[in-house]
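Read the structure below first, then the notes.
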Amino acid sequence: MEDYGSSDEDIYSSDQESYDGLENEEADSQWGSSTGNSCKVITRESLLVAQREDLRRVMDLLSLREHHARTLLIHYRWDVERLFAILVEKGKTCLFAEAGVTILEEVDVDSSVSSSTMMCGICMEEVAGSEVTKMDCGHCFCNDCWTEHFIVKIKEGQSKRIRCMAHKCFAICDEAVIRKLVSKRHPDLAEKFDRFLLESYIEDNKMVKWCPSIPHCGNAIRVETDEFCEVECSCGLQFCFSCLSEAHSPCSCWMWELWTKKCRDESETVNWITVHTKPCPKCHKPVEKNGGCNLVSCICGQAFCWLCGGATGRDHTWSSIAGHSCGRYKEDQEKKSERAKRDLYRYMHYHNRYKAHTDSFTQESRLRETIKEKVASLESRDSRLRDFSWVTNGLYRLFRSRRALSFSYPFAFYMFGDDLFKDEMTNEEKEIKQHLFEDQQQQLEANVEKLSKVFEDPFDGFEETEIMDMRMQVLNLSVVTDTLCKKMYECIETDLLGALQFSSHNIAPYQSKGIERATELNGGRNTKANNNITCQKAHDQTNGEVSILSHARVVHYNQKKELYLNIVLLLVHLAGGSIELVHPSGCGTSDESGCSSRKRTRKDSGGSFFDLNLPAELIDRN
């Protein structure tokens, strides 16, 4: 197996593009995280704005009132794309019927009833027409019965989908009518009803979840693409979006749940104690047998039989114990003891290494302030070296690699054990895959330790030549550890978890720039679905159905324009020149998500790379 840290010169020449990224990563107080547009922070103030975005899309498309659109979205768990897909596949009638939305144009849905009196079908009493309310489905009952029905449902926690009281009617009641009737008698329940409707955007939406911070920060996180990801809230908490526990990739959520339970309960230790000891029948303390005789005595003085645990007298012979008789010794007891000991040693092997790297991560995290002080000391010196962003960027890389390395041991414990995947692989396949994974894990561990050792040196007292040597070493090791982390994740996703046949495990993808920090939700939703498909209404004059039209030509044009731009940049790069793109916004190049980025252009002069420590203005003049 090739050693990734064997040739620093080869690594430097082949990974200079990665160095450019390391030098230009933003070095600020956001340690070990990146920003992007794939996840948003929803505060209590922006929750209503986020909900109305989806409501407006459905209302505009289907020409519905707000409470009908909300009923549809709650039923389909606020998945607008799925709602549109069902509309195209099954039609409007089936879409409304499944969600309990009833729209009868020939029925006057005004809540007031013109008749003077009528009999309520629930309480069977004559009531005035002004005291009767009619729902969209056409059923009329008195206001008292409606109000009692609504109050009971709100107290039971079913306020998001309150159905009509009529027999076999599955229509959902109008939220405006519910709010009007309940507020007259219980204003607090009306407020609770409104809060449930508002929070349903989070509770019933698989792409939106509350931040699990303790104490709770009051924020929710909305992801735009994949729910199997790791995010960072604006409060600073990093967590797994799928299971809401701490970020644990490359462990799957199921593996991490089992591992935390095992560590919390110390189940392997308990298992060993259960196999090797017996409880005293008098004081119930565990007793370990240290001799061959099956008549044992506890420190409390109680004698009991080791075979069955029953209390006995002290007199015994070779074949019997006074006052006691039990079956023969079971032969599988020794096998159970050996298996329990082997499982315990295996658990201790992985747990000790997981704990060691976790402790190292904690200790290295305390280097932040020390590193800042050292960098400040270097910047105050009279030297031609001015840019020390490689120090903080290398420290970020150390944190990310150490975290991935620590969670790789719980993954290996379950991946190559008999708890989850016993029937997925043969012993030969398991051994080959285990060797492959452990080789990559050991290489990553060796380079992480090298990078950690570099930052422990008192480099604030180094000479300028020593600083340059340290800079090259940090850049080399940063690129190597990043590459090894990517390879380890690819091995896990493709060769290990991807080859499973009887079970499915998903892990959060590897993020080279760290766990993405969610940005504040502003006004509009910037989803890829909105960029790839534009939905327009087209009312059919015969049946009134709504069809979805996809503007494939617009998408094709955008893809061709992006491909053309990439080809131009590649040709300029191969020619050794540079190109400056002018955008209407006045900022630098734009990434896929629409966010502008300023990246320093790399120039080639005489086969050597420019000095990354020089200011960008000086490089451009030269």
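The values are calculated or read from the model by the stated rules, or taken from the named source; none is laboratory data. Everything numeric in this text was worked out from a predicted model, so none of it was measured. In this analysis, Cβ positions are derived from the backbone assuming ideal geometry, glycine residues included, and neighbour counts consider all displayed protein chains. With ligands, DNA and RNA removed, areas are computed over all heavy atoms of the protein, side chains included. Shrake-Rupley method; radii C 1.70, N 1.55, O 1.52, S 1.80 Å.
What the table shows:
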item: Any hit, the range 459-466, residues being surrounded by 15 or more Cβ atoms within 10 Å (Cβ to Cβ), closer than 29 Å to SER242 by Cα and not hydroxyl-bearing (Ser, Thr, Tyr); result: no
item: Residues satisfying the stated conditions in the range 375-405, i.e. open to solvent by 40 Å² or more (accessible area, probe 1.4 Å) and not charged (D, E, K, R); result: ALA376, SER377, SER380
item: Members of the range 135-149 that are at pLDDT 90 or above and either touching a strand residue (DSSP E or B) at 6+ places or on another chain (Cβ under 6 Å) or of a type in the set (Asp, Glu) (or both); result: CYS140, CYS142, ASN143, ASP144, TRP146, GLU148
item: Residue within the range 438-457 that is open to solvent by less than 30 Å² (accessible area, probe 1.4 Å), part of a helix (DSSP H, G or I), within 14 Å of LEU395 (Cα to Cα) and aromatic (Phe, Trp, Tyr) present; result: yes
item: Any hit, the range 363-372, residues being modelled with pLDDT of 90 or more and in contact with a Lys or Arg (Cβ under 7 Å, 6 or more places away or on another chain); result: no
item: Criterion (assigned to a strand (DSSP E or B) and either surrounded by 19 or more Cβ atoms within 10 Å (Cβ to Cβ) or free of Cβ contacts under 8 Å to residues at least 40 places away in the same chain (or both)) met by exactly one of PHE141, PHE150; result: PHE141
item: The range 242-261, residues that are aliphatic (A, V, I, L, M), open to solvent by 40 Å² or more (accessible area, probe 1.4 Å) and not in a helix (DSSP H, G or I); result: LEU244
item: Total residues in the range 163-178, condition under 16 Å from GLU66 (Cα atoms) and without any contact (Cβ under 8 Å) to a residue 60 or more places away in the chain; result: 2
item: Selection status of VAL109, modelled with pLDDT under 50, part of a loop (DSSP other than H, G, I, E, B) and of a type in the set (Val, Ile, Thr); result: yes
item: Options GLU131, GLU203, GLU156: the member that is modelled with pLDDT under 90, open to solvent by 80 Å² or more (accessible area, probe 1.4 Å) and in contact with a helix residue (DSSP H, G or I) (Cβ under 6 Å, 6 or more places away or on another chain); result: GLU131
item: Residue match in the range 336-352 (condition: over 30 Å from ASP418 (Cβ atoms), at pLDDT 75 or above and surrounded by fewer than 16 Cβ atoms within 10 Å (Cβ to Cβ)); result: no
item: Some residue of the range 406-421 being closer than 19 Å to PHE502 by Cα, open to solvent by 10 Å² or more (accessible area, probe 1.4 Å), among the hydrophobic types (A, V, I, L, M, F, W, C) and modelled with pLDDT of 90 or more; result: yes
